[in-house]
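Take a look at the structure set out below.
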Amino acid sequence: MKLIAYDLGTGGVKASLYDQELKTLAKVFIEYETEYPGPNMHEQRPEAWWQGVVQSTAQLLEQSGTAPEEVACVSLSGHSLVSVPIDGKGRVLQDRVPIWSDTRAQEEAADFFTRVDETQWYMTTGNGFPAPCYSIFKLMWLKKHEPDVFSRTFRVLGSKDYINFRLTGEIATDWSYASGTGAYDLRRHCMREDLLEAAGLPRSLFTEPGAPHQIVGRVTAEAAAETGLCAGTAVACGGVDNACMALGAVGPTAGRVYLSLGSSSWLPINSQQPVLDPVTRPYVFAHIQEELYTSAFSIFAGGSSLRWARETLCRDITDEGRAYQIMDGWAERVPVGSNGIFFNPSLAGGTSQDKSIHIRGAFMGLHLGTTREDMVRATMEGIALNLRLSLETLARSTKLSEQLLMCGGGSKSPFWMQMFADVFRMTINKSNIDQDAASIGAAAISARALGWWKDYSGVDALHHIQRSCRPDPERAAQYEKLLPVFRRICDMAADLGDFMYESR
């Protein structure tokens, strides 16, 4: 028997086929669009998610030669902070819905915090992204700006919960997805009715969260006709992408940390208690594993800062396939510290760990002798140093493992991996799982739902280390001396960003 895991991401859906040992048999990716109809508005079409699932399933079965009856269970990892409104007959009430990065509800969040202490709210929910990103504020906006839609709303569904509803006709969610609503108490493991009341939202809008590995229903005849799956195929509840990725990357063990180094980059840790700090505000989700949490910081422009350097400073590189390898070679010839050049990677604005959201990217220390090679290395060092600051904050609250798993596009560079090892003073590993961590997490949920696994301890055996970088003591010591300078530069950039913003 086999499993299908769907990784429903911001850019598209990846469908992956696994055997009973969770070995990957095939993968398919279907892209869909994000639309930007107005300031701070980021929307997607739930129907596009569904069509992505329909198309990817058909292609996956066809390309792998898998018969539908061989698929024992399907499960999803879904992008977070989404609320799809449906009426009492299960009809979707909006063609497009705000996704996680939509921040239109700024006035609604400000209004909410006239009634609820913002720090207390954060310490209860762990919701460390900008508050308007979270579901309850988006629903407050809906109530104010589209009252007719809101009045007809019977339930709101998360991204993966909507797909589960289309597959089974059943409404369900899990604790990991619920922890991104803005009204979930991380320690009490329940929705807070007082927070919903302060938001002016009825409790009935939200389904009672259950376990990610619960079987929420079976594929209906209608869904089977569209997807090519067999009617009656089991559907597990699944989880939010952050939690599924944490499970797939580092398993269910507290203290383990990984780095996802993609266009945006984030550094999460598994912990037995949520890592909460009212100043720097790491964002926290309930883990797929019971009584565990995944707490993280992010850089909105991590790998995309290096892409910016590629497109801005290195336009003359004509070999597109080797562009980043060429840049690695340039950077490798420059000493630690980039000949006095520092780069702050806040090209997409500040995150919760920054002194201000108005911080912007900057090079510091430029002089007439500065070379392009210096600036390329400074860009790579700035991203690594910024994430090192994140690591320090996470390490204040929980004991870290001595090794870190790196996944995402950045792990393709042995040079950058070694730089991270030196900056973090940790062993950095790359495994075969790489960018499939969320899919593996979703597949593991199905394996437990079917009783193939009694727990998630089997995730570790799926990883095979392909590259390991240990810190060089001399370079690590040099970076340790640079860290206070980098921190000061970031604070100064934040102050300047505030001044520029207020002077507009």
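The values are calculated or read from the model by the stated rules, or taken from the named source; none is laboratory data. Nothing here was measured: the structure is a model prediction, and the numbers come from that model. Reconstructed Cβ throughout: ideal geometry from the backbone, glycine too, with neighbour counts over all protein chains shown.
Please go through the range 228-260 and pick out each residue that is β-branched (Val, Ile, Thr) and surrounded by fewer than 24 Cβ atoms within 10 Å (Cβ to Cβ).
Result: Thr233, Thr253.
Of the residues Arg467, Arg425, which single one is in contact (Cβ under 8 Å) with a residue 40 or more places away in the chain, of a type in the set (D, E, K, R) and over 30 Å from Gly349 (Cβ atoms)?
Arg467 is the lone residue from the list that is in contact (Cβ under 8 Å) with a residue 40 or more places away in the chain, of a type in the set (D, E, K, R) and over 30 Å from Gly349 (Cβ atoms).
Given the options Leu196, Leu229, Leu157, Leu167, name the one that is under 21 Å from Phe112 (Cβ atoms) and modelled with pLDDT of 95 or more.
Leu196
Could you check how many residues of the range 351-377 are among the small types (Gly, Ala, Ser) and in contact with a Gly (Cβ under 8 Å, 6 or more places away or on another chain)?
Qualifying residue count, the range 351-377: 3.
If Ala225 meets every condition in (1) closer than 26 Å to Ile86 by Cα; (2) assigned to a loop (DSSP other than H, G, I, E, B) apart from one, which number is that one?
(2)
So if I check each of Leu81, Leu142, which one is in contact with a Phe, Trp or Tyr (Cβ under 6 Å, 6 or more places away or on another chain), in the same structural domain as Asp19 (by TED's automatic domain parsing) and on the phi > 0 side of the Ramachandran plot?
Just a single option satisfies the conditions, and that option is Leu81.
All but one of (1) surrounded by fewer than 21 Cβ atoms within 10 Å (Cβ to Cβ); (2) touching a Lys or Arg at 6+ places or on another chain (Cβ under 7 Å) hold for Phe300; state the number of the condition that does not hold.
All conditions are met except number (2).
Of the conditions (1) within 21 Å of Phe486 (Cα to Cα); (2) at pLDDT 85 or above, Ala348 clears all except one; give me its number.
Of the numbered conditions (1) within 21 Å of Phe486 (Cα to Cα); (2) at pLDDT 85 or above, the odd one out for Ala348 is (2).
Going by what's in this entry, would Glu197 be described as more than 25 Å from Leu76 (Cα to Cα), assigned to a helix (DSSP H, G or I), assigned by TED's automatic domain parsing to the domain that holds Gly228 and in contact with a helix residue (DSSP H, G or I) (Cβ under 6 Å, 6 or more places away or on another chain)? Before you say what the answer is, go through the steps one by one.
Values: more than 25 Å from Leu76 (Cα to Cα): yes; assigned to a helix (DSSP H, G or I): yes; assigned by TED's automatic domain parsing to the domain that holds Gly228: yes; in contact with a helix residue (DSSP H, G or I) (Cβ under 6 Å, 6 or more places away or on another chain): no.
Considered against the rule, which asks whether it is more than 25 Å from Leu76 (Cα to Cα), assigned to a helix (DSSP H, G or I), assigned by TED's automatic domain parsing to the domain that holds Gly228 and in contact with a helix residue (DSSP H, G or I) (Cβ under 6 Å, 6 or more places away or on another chain), Glu197 comes out as no.
Identify the single condition in (1) touching a helix residue (DSSP H, G or I) at 6+ places or on another chain (Cβ under 9 Å); (2) free of Cβ contacts under 8 Å to residues at least 40 places away in the same chain; (3) of a type in the set (D, E, K, R) that Asp19 does not satisfy, given that it satisfies every other one.
The number of the failed condition is (1).
Does Ser64 qualify as being polar (S, T, N, Q), modelled with pLDDT of 95 or more, out of contact with any Leu (no Cβ under 7 Å at 6 or more places or on another chain) and over 30 Å from Asp148 (Cβ atoms)?
No; evaluated as a whole, the condition is false for this residue.
Quick check: anything in the range 292-314 part of a loop (DSSP other than H, G, I, E, B), more than 28 Å from the chain's Cα centre (by Cα) and not small (Gly, Ala, Ser)?
Looking for residues that are part of a loop (DSSP other than H, G, I, E, B), more than 28 Å from the chain's Cα centre (by Cα) and not small (Gly, Ala, Ser), one finds at least one in the range 292-314, hence yes.
Only one residue in Glu311, Glu291 is of a type in the set (Asp, Glu) and closer than 24 Å to Tyr177 by Cβ, so which one is that?
Exactly one of Glu311, Glu291 is of a type in the set (Asp, Glu) and closer than 24 Å to Tyr177 by Cβ, namely Glu291.
Inside the range 200-221, can you point out the residues that are closer than 25 Å to Val54 by Cα and either out of contact with any helix residue (DSSP H, G or I) (no Cβ under 9 Å at 6 or more places or on another chain) or not assigned by TED's automatic domain parsing to the domain that holds Ile99 (or both)?
Selection gives Ala221 alone.
Would you mind stating whether Lys2 is modelled with pLDDT of 95 or more, basic (Lys, Arg) and over 19 Å from the mean Cα position of the chain (by Cα)?
yes
For every residue, the table says whether it meets (1) at positive phi; (2) of a type in the set (A, V, I, L, M).
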position: Ala172; (1), (2): no, yes
position: Tyr177; (1), (2): no, no
position: Gly182; (1), (2): yes, no
position: Glu193; (1), (2): no, no
position: Leu196; (1), (2): no, yes
position: Pro202; (1), (2): no, no
position: Phe206; (1), (2): no, no
position: Ala211; (1), (2): no, yes
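Out of Ser83, Ser101, report the one residue that is surrounded by fewer than 20 Cβ atoms within 10 Å (Cβ to Cβ), closer than 30 Å to Leu394 by Cβ and within 19 Å of the chain's Cα centre (by Cα).
Ser101
Name the single residue that is nearest to Gly251 (Cα to Cα) among those in the range 282-298 being in contact with a helix residue (DSSP H, G or I) (Cβ under 6 Å, 6 or more places away or on another chain) and among the hydrophobic types (A, V, I, L, M, F, W, C).
Just the residues of the range 282-298 that are in contact with a helix residue (DSSP H, G or I) (Cβ under 6 Å, 6 or more places away or on another chain), to begin with: 285-288, 294, 297.
Applying the additional criterion that residues be among the hydrophobic types (A, V, I, L, M, F, W, C) yields 285-286, 288, 297.
Working: Phe285: 15, Ala286: 14, Ile288: 10, Phe297: 19 Å.
That would be Ile288.
List the pairs whose first member sits in the range 310-335 and is within 12 Å of Ala378 (Cα to Cα), whose second member is polar (S, T, N, Q) and at pLDDT 90 or above, and whose Cβ atoms are under 6 Å apart, counting only residues at least 6 apart or on separate chains?
Final answer for the pair search is Asp328/Ser413.
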